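See below for the structure under consideration.
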Amino acid sequence: MNIKVVKFGGSSLADAEHFKQVASIVKADPSRRYVVASAPGKRFKEDVKVTDMFYECYEKIRNQENIDELYAKIVERYNSIIAGLGLDFDINGELEYVKSAMQHRSGRDFAASRGEYLNSLILAKYLKFDFIDAENVICFRDNGTLDEEKTNEMMREELMQHKHAVIPGFYGVMPNGTIKTFSRGGSDITGSIVARAVDADLYENWTDVSGFLMADPRIIDDPCPIKSISYRELRELSYMGATVLHEDAIFPVRYAKIPINIRNTNRPQDAGTMIVAEHTEIDSDRIITGIAGKKGFSVITIEKDMMNSEIGYGRKVLEVFEDNEISFEHLPSGIDNMSVVVASDALEGKRDKILATLNRAVHADSVSIEDGLALIAVVGVGMVKYRGAAARVFNAISNAGINIRMIDQGSSELSIIVGVEERDFNNALNAIYSEFVK
Ligand code: ASP
């Protein structure tokens, strides 16, 4: 029988009604055997995530403030879930223990991780699944990075002994026994680790949207959903700001070639988005998979006569950025000039130094910094096969009366990146979207 690993995000486990919905999803398919749970998320827009309340408790304790009132809200969140489910389960002893451990300085990550720990205890009870504490199966190294192989082995060994289990997301253990969390949104990573360990046929990631959209709905009116996207395309899009999944969640399942299905807990009838190793077929009507973009880039342009014939010029330029700990995004260049595109934030407090050191290092004829660049990535493996994809991107932008400031196309032809003035950003995105989709 095939095995599915299902991860539910915070909004899918925010209250008793959502727990019921989660249980009906899990029970609807007997292959959904391993469940990874987040902490209770927001129930409404102004609500506070339980993880954030735990972080606040930690800060208050550090500042020697009283946490009774705040902690009572956490107690109430869990107890209202239990009451709403009509569960015969007393979690107050656990809650007392957590409070006292925090007061005895058990650390910031310990505090943050308790959101998923407590929620998973309740979910395991409700589903009648076993509970496996992530601290016994997810291991970090001394330097704080995940020990993938050890984790995979321990997780696999443990899960083999359970037909059904709930595993809390977001945290694991350091070699010295203390709790360590992933970065925010890290339950996605736990789900991916579990899927790899049991060699799952599918990793279902249940959230509050029906998968990825082809573009940001705040900019494009009612964008189409993406049915299928490859891991590589997804990386290009998320790098440019499209988010639904924690970026690091891809790695554990990617090598095992396990597909991820992003699904909507509130609309289980929607197929969602499949993230796959390779597309099996490319829709000829849909040669692009998605468009994403970001504002806030700067271009540093270095000009020097005969630059192209000077060996080592590029290295010297890049060394200046390396010495200043600035990573560059793109490197468009001509025969006598080279431009380095960087996030404007990274230049803060370093502008004068960069200009001076560049001048000194490469004896440029001129060096300038221009801010206010927006980058747009048009992503799709389909573009490789179709003649004229790039021309269509550029035409669409220029027909909208927008000037293209920069073009970058990797040889993989997975994406075309264009740079435009920030004020043209929304119009350029709309122009490209209409060209390819509408
Ligand atoms: N609860 C954690 C957070 O809010 C982790 C997660 O939900 O994935 O970031």
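Overview of results
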| read-out | value |
| --- | --- |
| Charge tally in the Cβ shell below 10 Å around T181, where Lys, Arg are +1 and Asp, Glu are -1, T181 excluded | +1 |
| Per-pair calculated FRET efficiency, R0 = 56 Å: Y255 and N92 via Cβ, rounded to 0.05 | 0.85 |
| J(HN,Hα) series, the stretch 213-228, from Karplus relation 6.51 cos²θ - 1.76 cosθ + 1.60, nearest Hz, glycine and proline x | 9, 5, 7, 5, x, 6, 10, 9, 5, 6, x, 6, x, 9, 6, 8 |
| Test item: Cα-centred dipole of the stretch 223-296, Lys/Arg +1 and Asp/Glu -1 on Cβ, debye | 200 debye |
| Per-residue [θ]222 nm for the chain (sum of -39500 (n - 2.57) over DSSP H runs n ≥ 4, rounded to 500) | -11500 deg cm²/dmol |
| Inter-site label distance for Q64 and E247 at 7 Å from Cα along Cβ, in nm | 4.1 nm |
| 11 Å beta-carbon shell around E158, net charge (K/R +1, D/E -1) | -3 |
| Rough spin-label spacing in nm, given labels placed 7 Å along Cα→Cβ, for L331 and K227 | 3.9 nm |
| Fully extended contour minus Cα-Cα distance, from R184 to A391, at 0.36 nm per residue | 70.6 nm |
| Helical segments meeting 20 Å axial Cα length and Kyte-Doolittle 0.5 threshold in the chain (DSSP H) | none |
| Computed Kirkwood radius, in angstrom, where 1/r is averaged over Cα pairs of the stretch 215-296 | 13.8 Å |
| Distance between the stretch 118-187 and the stretch 331-360 - C-alpha centres, whole angstrom | 44 Å |
| Cross-link pairs K49/K128; K49/K99; K73/K99 - those with Cα-Cα distance over 20 Å | K49/K128 |
| Cross-link pairs K7/K45; K125/K227; K42/K180; K125/K150 - those with Cα-Cα distance over 31 Å | K125/K227 |
| Amide H contacts under 5 Å for L202, placed H, 5+ residues apart | I3, V5 |
| Phi to ³J(HN,Hα) by Karplus 6.51 cos²θ - 1.76 cosθ + 1.60 over the stretch 204-209, Hz, x for Gly, Pro | 9, 10, 8, 9, 10, 10 |
| Debye equation applied to the C-alpha atoms of the chain, log10 I(q)/I(0) at 0.14 Å⁻¹ | -1.25 |
| Signed unit charges on C-beta, dipole axis of the stretch 251-351, positive-most listed residue I291, M274, S344 | M274 |
| A271-I311 FRET efficiency (beta carbon distance; Förster radius 51 Å; 0.05 resolution) | 0.40 |
| Computed over the chain: relative contact order in percent, which uses C-alpha pairs under 8 Å that are six or more apart | 13 percent |
| J(HN,Hα) series, the stretch 401-409, from Karplus relation 6.51 cos²θ - 1.76 cosθ + 1.60, nearest Hz, glycine and proline x | x, 10, 8, 8, 8, 7, 10, 8, 10 |
| Residues whose placed amide H lies under 5 Å from that of R32, excluding near-sequence neighbours | K4 |
| Packing-based ranking, highest mean first, of 254-265, 30-41, 315-326 given that Cβ atoms within 10 Å are counted | 30-41, 254-265, 315-326 |
| Net charge, E96 excluded, C-beta distance under 13 Å - Lys, Arg +1, Asp, Glu -1 | -1 |
| Residues E421 and V75, FRET efficiency given R0 of 51 Å [Cβ-Cβ distance, rounded to 0.05] | 0.45 |
| Size-normalised alpha-carbon gyration radius of the stretch 265-410, reference 2.2 N^0.38 Å | 1.34 |
| Distance between modelled label sites at E157 and D371, nm, 7 Å Cα→Cβ extension | 5.5 nm |
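No value in this document is a laboratory result; all are computed from the given coordinates. These numbers were taken from a predicted model, which means no experiment stands behind them. Here the Cβ is made from the backbone with ideal geometry for all residues, glycine too, and neighbour counts use every protein chain on show.
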